[in-house]
């Protein structure tokens, strides 16, 4: 699997370079910005492939504090994404210009994907890698007969 990830990282980096080189000659602001967004997405994809490659490696569990911090960070970003989605959903039905509508629909689609991805990251990665104080107590007491009560 590592070979696949490394190959994809190189491909994404190639896309970034290719698109960035193309931007030097593009004069249309819409095309230029869309190509820039694609380059940023490819850069992001390379980072995500790199992160996926590290998942198979042993990573230290999160402390309570780290878990709460990551939970707060992702919760803030989820709220920000919700605001962006709401604003876009309010304005898009009133748009007359199909070109503008196309661009805003693309942004709305990205915002929805970001929102869902953040929720899944919290559920599948952050919570799974956290060992909270409650978890430690459960580990310690789970197999102790009578849990300190008389008779045990």
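Readers should treat all values here as calculations from the given coordinates under stated rules, not as data from a laboratory. A quick note: this is a predicted structure, and the numbers were derived from the prediction, not measured. Here the Cβ positions follow ideal geometry from the backbone for every residue, glycine too, while neighbour counts run over all protein chains shown.
By count of other Cβ within 10 Å, fewest leading, how are 115, 77 ordered? Don't skip to the end; give the middle numbers.
Working: 115 18, 77 14.
Taking fewest neighbouring Cβ atoms as first place, the list is 77, 115.
Given 0.36 nm per residue, what is the gain on full extension from residue 86 to residue 112 after removing their alpha carbon distance, in nm? Can you show the working numbers first?
Numbers: separation 26, 0.36 × 26 = 9.36 nm, distance 1.03 nm.
Here the segment from residue 86 to residue 112 would lengthen by 8.3 nm.
How high is the relative contact order of region 1-59, in percent, with contacts defined as C-alpha pairs under 8 Å that are six or more residues apart? Please list the in-between numbers first.
Numbers: 41 pairs, mean separation 30.3, N = 59.
The value is 51 percent.
Oblate is the label for region 49-113, because the ratio a/c of its alpha-carbon gyration tensor axes (a ≥ b ≥ c) is 1.5 or higher and a/b is not greater than b/c.
In what sequence do 42, 22 fall when counting other Cβ within 10 Å, fewest first?
Numbers: 42 20, 22 14.
Listing 42, 22 from fewest to most nearby Cβ atoms yields 22, 42.
The length gained on full extension between residue 25 and residue 65, counted as 0.36 nm times the residue separation minus their Cα-Cα distance, comes to 9.5 nm.
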